[in-house]
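To start, the structure under review is shown below, and the notes come after it.
The values are calculated or read from the model by the stated rules, or taken from the named source; none is laboratory data. If you're wondering where the values come from, they're calculated on a predicted model, not measured in any experiment. With ideal geometry, Cβ positions are generated from the backbone for all residues, glycine too; neighbour counts draw on all protein chains shown. Protein only, heavy atoms only, side chains kept; ligands, DNA and RNA dropped before computing areas. Shrake-Rupley method; radii C 1.70, N 1.55, O 1.52, S 1.80 Å.
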Amino acid sequence: MNLDPLTLLRPKRSITGMSAILLPFLNSGDTDWDGFTSHVERTFAAGLTPAVNMDTGYANLIDESTRLEVLQRTQAIASGRRYVAGVFVGDSTGTPLNISAYRKGAADILRHDGLPIFFQSYGLSELDDSEIIAAYTAISSDCDTFLAFELGKVFAPFGRIYSLDVYRQLLSLPACIGAKHSSLSRELEWQRLQIRDLHRPDFLVLTGNDLAIDMVIYGSDYLLGLSTFAPEAFAARDAMWASGDTRFYELNDVLQYLGAFAFRDPVPAYKHSAAMFLNIRYGLATDHTHPHSATRPASDREILLKIQQSLMQVMDN
């Protein structure tokens, strides 16, 4: 493809922001439901769309009862507003696509008024290119609308970044209104933006690149884990871009510094960084994470506090 990113720049565009919700925990190891409720409410108040039962919400680690309670509580908070929820199907390499499990997960979300986003699984990502679109048609058969998800193997061994031919075909599915792209590659995302602009301008290319959150200036929207750290700061940044306010760049720089620090290796430990930051910024009860999730050293708190101070200084200017 002939690709010039400068041709993709979209000054003063309105940005659609979706924010993955951290599932917080108490010292006892129980879920901090009060902290969860406050964070979903905070995200809605900022003008972002909450996304629950994502990786940030430990989609691959929580049990069925927790997953359903997340949906029930989010539905009550949303009160008719749109929210996104992940459909996660755990399997192992070499296993067939579990269509019924995907359909059940989507049905649970639809019953709670959410918009499903389909995580990949071994059964889905190991299919031949020629089988993938039929698979999405099958697993989404009960959905009027849904989101797809491309996930690089750096995040999960069952992830896959599709070929551009498959991506074009994905845009041909009317019910698929967008796809989260998590390759950490600007070029691959630029290619998808170019395809979107040519074939289906209303399709949402949702960047999942927490190391390049400025992809929004090229036409990407976002579904990020980083935005859970400070949803109102992301909303302010987005508003600055839409109005042509040059303060966008300084605020984006601070948020990107936070992303580079929080999403360093091991990447899954960003959830502990998020818990620390939410504890500092909003008074979240603890900075505990799921017991099977990676953690950061306690010394990170001092750096996160300094980033929080920088963020407040920029937002106050």
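Taken per residue, the accessible surface of region 34-166 reaches 40 Å², heavy atoms only and a 1.4 Å probe. Considering the chain, its Cα convex hull presents a mean projected area of 15.3 nm².
Charge dipole (Cα centre; +1 on Lys/Arg Cβ, -1 on Asp/Glu Cβ; no other charges) of the chain amounts to roughly 360 debye. Protein-only accessible surface at a 1.4 angstrom probe places the residues ILE303, ILE132 in the order ILE303, ILE132, largest first.
Over region 199-317, give the accessible area per residue in Å² for a 1.4 Å probe, as an integer.
Spelled out: the 1.4 Å probe surface of region 199-317, per residue, equals 38 Å².
Under the shape rule built on the C-alpha gyration tensor, where the axes satisfy a ≥ b ≥ c, region 89-233 is rounded, since a/c falls short of 1.5.
Let me know the shape class of region 14-153, please: from the alpha-carbon gyration tensor, a ≥ b ≥ c as square roots of the eigenvalues, rounded when a/c is under 1.5, otherwise prolate if a/b is greater than b/c, or oblate. Prolate, since a/c reaches 1.5 and a/b exceeds b/c. Looking at the chain, the DSSP beta bridges with both ends there are about 5 percent antiparallel. Over all Cα atoms in region 133-190, the spread is summed up by Rg and Dmax: 11.8, 34 Å.
Exceeding 28 Å between C-alpha atoms, which entries from my cross-link table qualify? They are LYS271/LYS306; LYS153/LYS306; LYS180/LYS306. From LYS271/LYS306; LYS153/LYS306; LYS180/LYS306, over 28 Å: LYS153/LYS306; LYS180/LYS306.
List the trypsin sites (Lys or Arg not before Pro) within region 1-101 that DSSP assigns to loop and that have no more than 14 neighbouring Cβ atoms inside 10 Å. The qualifying sites are LYS12, ARG81, ARG82. Pairs of Cα atoms nearer than 8 Å and 6+ residues apart set the relative contact order; for region 49-139 it is 31 percent. Per-atom-type breakdown for the chain gives carbon and sulfur 52% of the accessible area (1.4 Å probe, protein chains only). Residues SER19, SER310, SER100, sorted by accessible area with the largest first, give SER100, SER310, SER19 [1.4 Å probe; ligands and nucleic acids excluded].
Computed over protein heavy atoms with a 1.4 angstrom probe, the accessible surface ordering of LYS153, LYS104, largest first, is LYS153, LYS104. Based on C-alpha pairs under 8 angstrom that are at least 6 apart in sequence, the chain has a relative contact order of 20 percent.
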